[in-house]
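The values are calculated or read from the model by the stated rules, or taken from the named source; none is laboratory data. Computed from a predicted structure; not experimentally measured. Because the Cβ atoms are built from the backbone with ideal geometry, glycine has one as well, and the counts that use them run over all protein chains shown. The protein model used for the area step is the full one, side chains on, heavy atoms only, and it has no ligands, DNA or RNA in it. Shrake-Rupley method; radii C 1.70, N 1.55, O 1.52, S 1.80 Å.
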Amino acid sequence: MGVGCDHHHHHHHHHDCCDYLRIKCYSILCCGRLGDDCCDCCEERHRRLIIAARIVGGILFLVGLTILIVWLVLRPTKPTFYLRDATVFQFNLSLSDNLLATVAQATVASHNSNGRIGVYYDRLDVFATYQDQQITVATAIPPFYQGHEDNNVWSPYLVGTSVPVAPYLCSALQQDETAGLLLLYVKMDGRIRWKVGSWTSRHYRLEVSCPAFFSFTDSSAGVPVLRFLHGTSCSASV
């Protein structure tokens, strides 16, 4: 059904309205009416649609603004980690079969700098690497909760008995010994959850890497001994 209007018997306002309707409105908006009734009906529906659109738009805007404010206020800062100390009791590479035996202990401190957010550590494994190769088995830190602005310190033993390594590690170790400096990495891999009030987030992967610098010093028996040089900040990613 088309939109019609008697141009000779209506006021100027309805001339404009009907001309507008012919261009902009479908006949369904006229409620099946013609003339003035058509114009009035279409205008009313148009007005209601605009009001409804503004209400929905306003609600969506407020929801989005609320989410943004909550995120900005409670945005979690990842925990920071610091390697305080490390001791290497054994670091022997067998040249005949490329097996490395390592016994070490690392002291790592963690700080949660969030003022309103706690951290659940559901899993945290610590291990050592040399030249991008894992040289100890993972030592598990028992699960724990780290409260707002809390500090935690662990001193796990890191042990690797007869760990097969790539042949190039032998020459790399000889070069490090000649240079008098050895770089190991104490690494952590875990799963954490954020806690805000009574709400707990989903699991996130935590990866931490701490460089551990040692110098080679000769003991009285002439056997090289590794001495920890200084504490280092760790890189962490969540």
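Descriptive notes on the structure:
- Residue match in segment 67-85 (condition: farther than 30 Å from Ser201 by Cβ and at pLDDT 95 or above): yes
- Any hit, segment 63-78, residues being outside any helix (DSSP H, G or I), touching a strand residue (DSSP E or B) at 6+ places or on another chain (Cβ under 8 Å) and either loosely packed, with under 15 Cβ neighbours inside 10 Å or not polar (S, T, N, Q) (or both): yes
- Subset tally (residues that are farther than 16 Å from Thr77 by Cβ and out of contact with any strand residue (DSSP E or B) (no Cβ under 8 Å at 6 or more places or on another chain)) for segment 102-138: 3
- Answer residue from segment 131-158, given it is among the aromatic types (Phe, Trp, Tyr) and open to solvent by 70 Å² or more (accessible area, probe 1.4 Å) and is farthest from the chain's Cα centre (by Cα) among those: Tyr157
- The residues listed here are Arg191, Arg202; of these, the one that is at pLDDT 95 or above and farther than 18 Å from Phe91 by Cα is Arg191.
- Listing of strands (runs of 3 or more DSSP E) fully contained in segment 173-238 that carry 3 or more residues being under 16 Å from Asn112 (Cα atoms) and among the basic types (Lys, Arg): 181-196
- Taken over segment 202-238, residues that are free of Cβ contacts under 8 Å to residues at least 60 places away in the same chain, farther than 16 Å from Thr87 by Cβ and among the small types (Gly, Ala, Ser) amount to 5.
- Candidates are the residues of segment 187-220 that are over 21 Å from the mean Cα position of the chain (by Cα) and under 19 Å from Ser110 (Cβ atoms); the one that is surrounded by the fewest Cβ atoms within 10 Å (Cβ to Cβ) is Pro211.
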